[in-house]
Amino acid sequence: MRLILSQKNIGQIAADYIIQRINNAPDHRLVLGLPTGSTVLDMYAALCKACADGKVSFKNVLTFNMDEYIGLPENDPQSYHTYMRQNLFSHIDIKPENTHILNGNAPDIEAECRAYENAIKAAGGIDIFFGGVGRNGHLAFNEPGTPFTSRTGRVALTPSTREANARFFGNDLTQVPTHALSIGIGTLTDAKEVWILIKGEKKADAVRRLTEEEPGINCPITALRHNGKATILADEEACAHLGQALRARFDELRRKDPDKGYWEVTL
Ligand code: GLP
């Protein structure tokens with residue numbers, strides 16, 4: 001696993017990487033796994049701008065989102081369908097049929113999840129899966145306790161995740177769905193590359209656990225600890241609780257190349 005500590009806007013760094021990968025791919029075809037959440041809004045804004053400026057085209061890009069609430073209408077302001085439309089899809093030249101988001105209102109949930117896994121396979125697998133992380137270390141909506149081999153399915157949200165997300169539902173916990181459809185941790189780690197973006201001190205404990213603890217299902221993000229295809233891109237606040245040895249490694253890199261703005265170590 002590679003950990004990048006960045007002083008620069010992590011959304012812009014991730015967007016620049018996506019643009020470079022699309023532009024270098026044969027026929028500009030790339031299969032992306034995509035998250036929602038506030039952390040990745042800058043990344044989406046940078047992608048929309050690059051597309052408007054003619055620096056990248058999504059005409060041959062396929063996307064698969066990580067998760068969706070169960071029971072919210074597709075056009076609900078808080079559904080992840082709405083989030084993706086508002087923050088990315090309606091501003092870029094992607095073909096609607098190339099975008100995939102789990103249907104949280106599917107009459108047959110199991111069939112929906114099976115079909116999603118099959119669609120990912122049929123697309124040739126995910127080239128790069130981007131994600132955020134929950135304060136409790138959740139990946140997509142895979143809460144603590146989820147086996148690392150889990151596949152796409154129906155999941156229950158923990159009280160702490162529902163509380164964290166209540167801010168989007170007028171701070172009314174009763175409005176926050178209790179369940180979601182989510183890709184599994186196994187679905188995520190099947191991707192050819194995984195990038196997790198982490199911002200802010202509220203996530204610093206998840207970063208500390210990821211870098212200090214042995215992998216364990218009580219902290220889902222630790223599934224990436226020994227994954228050579230994983231990149232963790234974190235800002236300084238998210239790295240506020242790093243252990244001394246790791247902090248010393250970053251301090252050394254920073255001393256050598258202070259102007260770089262981001263520094264990386266392999267763990
Ligand atoms: C939700 C999503 C996760 C996301 C997390 C963090 O729980 N299901 O995929 O990583 O929020 O969101 P934020 O970036 O707003 O902190």
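The values are calculated or read from the model by the stated rules, or taken from the named source; none is laboratory data. Given the structure is predicted, the values throughout are model-derived calculations rather than measurements. Quick reminder, even Gly has a Cβ in these numbers, built from the backbone with ideal geometry, and neighbours come from all protein chains shown. The area values use the complete protein model at the heavy-atom level, side chains included, leaving out ligands, DNA and RNA. Shrake-Rupley method; radii C 1.70, N 1.55, O 1.52, S 1.80 Å.
Points worth noting:
- Close pairs (8 angstrom Cβ cut-off, 6 or more residues apart or separate chains): at positive phi in region 32-60, open to solvent by less than 30 Å² (accessible area, probe 1.4 Å) anywhere: Gly37/Gly132
- Scan of region 214-226 for residues that are touching a residue at least 12 places away in the same chain (Cβ under 8 Å) and either within 13 Å of Met1 (Cβ to Cβ) or surrounded by fewer than 19 Cβ atoms within 10 Å (Cβ to Cβ) (or both), ordered by number: Pro215, Ile217, Asn218, Ile221, Thr222, Ala223, Leu224, Arg225, His226
- Single unsatisfied condition, Glu117 versus (1) in contact with an Asp or Glu (Cβ under 8 Å, 6 or more places away or on another chain); (2) surrounded by fewer than 23 Cβ atoms within 10 Å (Cβ to Cβ): (1)
- Among the residues of region 84-100, those identified as within 16 Å of the ligand (Cβ to nearest atom) and open to solvent by less than 30 Å² (accessible area, probe 1.4 Å) are Met84, Leu88.
Matching residues to (1) part of a helix (DSSP H, G or I); (2) free of Cβ contacts under 8 Å to residues at least 12 places away in the same chain; (3) within 16 Å of the ligand (Cβ to nearest atom); (4) closer than 30 Å to Gly71 by Cα:
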| residue | (1), (2), (3), (4) |
| --- | --- |
| Val194 | no, no, yes, yes |
| Lys203 | yes, no, yes, yes |
| Arg209 | yes, no, yes, no |
| Gly228 | no, no, no, no |
| Leu233 | no, no, yes, no |
| Glu237 | no, no, yes, no |
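- With respect to the stated conditions, Gly170 is under 30 Å from Ala106 (Cβ atoms) and of a type outside the set (Ser, Thr, Tyr).
- Count of residues meeting criterion [over 25 Å from Pro215 (Cα atoms) and touching a Pro at 6+ places or on another chain (Cβ under 8 Å)] in region 105-149: 1
- Inter-residue pairs, beta-carbon under 9 Å, first under 17 Å from Ala180 (Cβ atoms) and in region 104-120, second in a helix (DSSP H, G or I) and of a type in the set (D, E, K, R), 6+ apart: Gly104/Glu112; Ala106/Glu112
- Selection within region 227-266 - loosely packed, with under 14 Cβ neighbours inside 10 Å and in contact with a helix residue (DSSP H, G or I) (Cβ under 7 Å, 6 or more places away or on another chain): Gly243
- Check on Thr222, in contact with a Leu (Cβ under 6 Å, 6 or more places away or on another chain) and either under 16 Å from His138 (Cα atoms) or more than 16 Å from the ligand (Cβ to nearest atom) (or both): yes
- Cβ-Cβ contacts under 8 Å between residues 6 or more apart (or on different chains), taken from a first residue in region 64-91 that is without any contact (Cβ under 8 Å) to a residue 60 or more places away in the chain to a second residue that is part of a loop (DSSP other than H, G, I, E, B) and open to solvent by 70 Å² or more (accessible area, probe 1.4 Å), are listed as Pro73/Asn105; Glu74/Asn105; His81/Glu74; His81/Asn75; Thr82/Glu74; Thr82/Asn75.
- The residues of region 130-162 that are of a type in the set (Phe, Trp, Tyr) and farther than 21 Å from Gly104 by Cα amount to a single one, Phe148.
- All told, Ile198 falls short of being more than 10 Å from the ligand (Cβ to nearest atom) and at pLDDT 95 or above.
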